[in-house]
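The next block holds one structure in the form of structure tokens; read it before the comments.
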């Protein structure tokens, strides 16, 4: 592992050239576009990007325009990790034969929640098992947004989507969100992290760590979507921050399987009174508005219980215990 | 936007995109427009970091922020997040 000294200051990042340029056709207030922009600013040198079909592929490369200033390869929904493995293997061979100009070329694979939770998990699992050196970024907007808001394995409990609509009987999606980052930790890969666009510095540092570590790295980025979550576009960062503050999306990382909480979540473990109730997060989004009807009140309690259960489990893994609440 | 079309012999193979997206202006999407108040601005650069469209640029020479209305889609994230309240959104054509 090559560790170059780095720190990220706002000025330094703003002065870095844009590798994901303006002119892409994401919706106004797009969360994943913010994540991609910031992640591309944390790269350390020559980088090859590959992306599964999904929002960010569709908006950034509408023929004949491309928003990428790095080599970009679009691949099918299911095989972005396989594609990244191939790129990495080819780079290794070229290096051995002395045909690679650069000393090191990083490989980043981008995929949305549909391309990771549901369709792409077998390719991802295979690539993690084979131990290819690449960084896999999951930008999680919690449904298949570009095809018209269909539910995915990443959609949270109670959310109304076009294929899990809230009606008089069913309160949105009946299942819970798949803990994908924990599944990746179970693959025993060197680096797994969760990040949110609400704390840019944390996101950049984790990206750089993922790139510097030899072997597969996985990062789960929380990126709200104004169109699918049905809120005002100006609230994207605010909702991402609330997701962290309510512990719906805690920030942590594992290095060689050792869990540790990131500062934004650690403060909530040390000062539990700062942890907010999930209703604050739910009431800002119209995909959850049916939960505030009297007949579906119990769903909010279920969500709160599940969030607390997963949070306490995470604290145990990080060797921290929650001080008694309420 | 120019309308000239390429023939089949001129198009790159395998559907490679050849034009930079910066030639496609997305600024006309917006309803609201951010207005920056340099008096209140503390130059924390948060707006520039969180803009999804890289439309807020930092001018190194003059040390000032420049709003690129050719690409700004008017989402209002900058106005919502600004810690110094130096950005406000006004309806396009009124400000």
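Being within 21 Å of the chain's Cα centre (by Cα) and buried (at least 18 other Cβ atoms within 10 Å of the Cβ) is the filter; apply it to the stretch A:289-309 and report the residue that is nearest to residue A:151 (Cα to Cα).
Only one residue fits best here, namely A:303.
Limited to the stretch A:129-153, what total is found for residues that are in a helix (DSSP H, G or I) and surrounded by 24 or more Cβ atoms within 10 Å (Cβ to Cβ)?
Going through the stretch A:129-153 one residue at a time, the tally reaches 0.
Of all the helices (runs of 4 or more DSSP H) wholly in the stretch A:1-88, which have at least 3 residues that are under 17 Å from the mean Cα position of the chain (by Cα)? Explain how you work it out, then say what you get.
Numbers: elements: A:10-15, A:31-41, A:55-60.
Hits in the stretch A:1-88: A:31-41, A:55-60.
Mind telling me which of the residues A:224, A:250 ends up being within 14 Å of another protein chain (Cβ to nearest Cβ) and buried (at least 22 other Cβ atoms within 10 Å of the Cβ)? Can you show your working first?
Numbers: A:250 fails: within 14 Å of another protein chain (Cβ to nearest Cβ).
Answer to the check: A:224.
Do we find that residue A:126 is farther than 25 Å from residue A:204 by Cβ and either at pLDDT 95 or above or assigned to a loop (DSSP other than H, G, I, E, B) (or both) in this structure?
Yes.
Residues of the stretch A:224-273 being assigned to a helix (DSSP H, G or I) and closer than 12 Å to residue A:314 by Cα, which ones? Before you say what the answer is, go through the steps one by one.
Restricting attention to the stretch A:224-273, the residues satisfying the condition of being assigned to a helix (DSSP H, G or I) are A:226-229, A:233-245, A:263-270, A:272-273.
Passing the criteria: A:265, A:266, A:269.
Can you name every one of the strands (runs of 3 or more DSSP E) wholly within the stretch B:1-83 that holds 1 or more residues which are more than 8 Å from every other protein chain (Cβ to nearest Cβ), without any contact (Cβ under 8 Å) to a residue 40 or more places away in the chain and within 25 Å of residue A:10 (Cβ to Cβ)?
Counting at least 1 such residues, we get B:56-59, B:64-67.
Looking at (1) under 24 Å from residue A:153 (Cα atoms); (2) surrounded by fewer than 22 Cβ atoms within 10 Å (Cβ to Cβ); (3) at pLDDT 95 or above, which is the one condition that is false for residue A:58?
Residue A:58 satisfies every listed condition except (3).
Would you pick out the residues in the stretch B:42-66 that are farther than 21 Å from residue A:201 by Cβ and in contact with a strand residue (DSSP E or B) (Cβ under 6 Å, 6 or more places away or on another chain)?
Once the filter is applied, which keeps residues that are farther than 21 Å from residue A:201 by Cβ and in contact with a strand residue (DSSP E or B) (Cβ under 6 Å, 6 or more places away or on another chain), the stretch B:42-66 yields B:59, B:66.
Please specify each residue of the stretch A:183-201 satisfying the condition of being at pLDDT 95 or above and not in a loop (DSSP other than H, G, I, E, B).
Across the stretch A:183-201, the qualifying residues are A:183, A:184, A:185, A:191, A:192, A:193, A:194, A:195, A:196.
Give the residue, chosen from A:207, A:254, A:223, that is out of contact with any strand residue (DSSP E or B) (no Cβ under 6 Å at 6 or more places or on another chain) and either at pLDDT 95 or above or within 30 Å of residue A:187 (Cβ to Cβ) (or both).
A:207
For the stretch A:281-305, give me each residue that is under 22 Å from residue A:163 (Cα atoms), touching a helix residue (DSSP H, G or I) at 6+ places or on another chain (Cβ under 7 Å) and part of a helix (DSSP H, G or I).
A:282, A:287, A:288, A:290, A:291, A:296, A:299, A:300, A:303
Tell me, yes or no, whether the stretch A:23-30 has at least one residue that is buried (at least 23 other Cβ atoms within 10 Å of the Cβ), touching a residue at least 12 places away in the same chain (Cβ under 8 Å), away from chain B (no Cβ under 13 Å) and touching a helix residue (DSSP H, G or I) at 6+ places or on another chain (Cβ under 7 Å).
The answer is no, given that none of the residues of the stretch A:23-30 is buried (at least 23 other Cβ atoms within 10 Å of the Cβ), touching a residue at least 12 places away in the same chain (Cβ under 8 Å), away from chain B (no Cβ under 13 Å) and touching a helix residue (DSSP H, G or I) at 6+ places or on another chain (Cβ under 7 Å).
The values are calculated or read from the model by the stated rules, or taken from the named source; none is laboratory data. Everything quoted here is computed from the prediction, not taken from an experiment. Don't worry about glycine lacking a Cβ; one is built from the backbone with ideal geometry, like all the others, and counts go over all protein chains shown.
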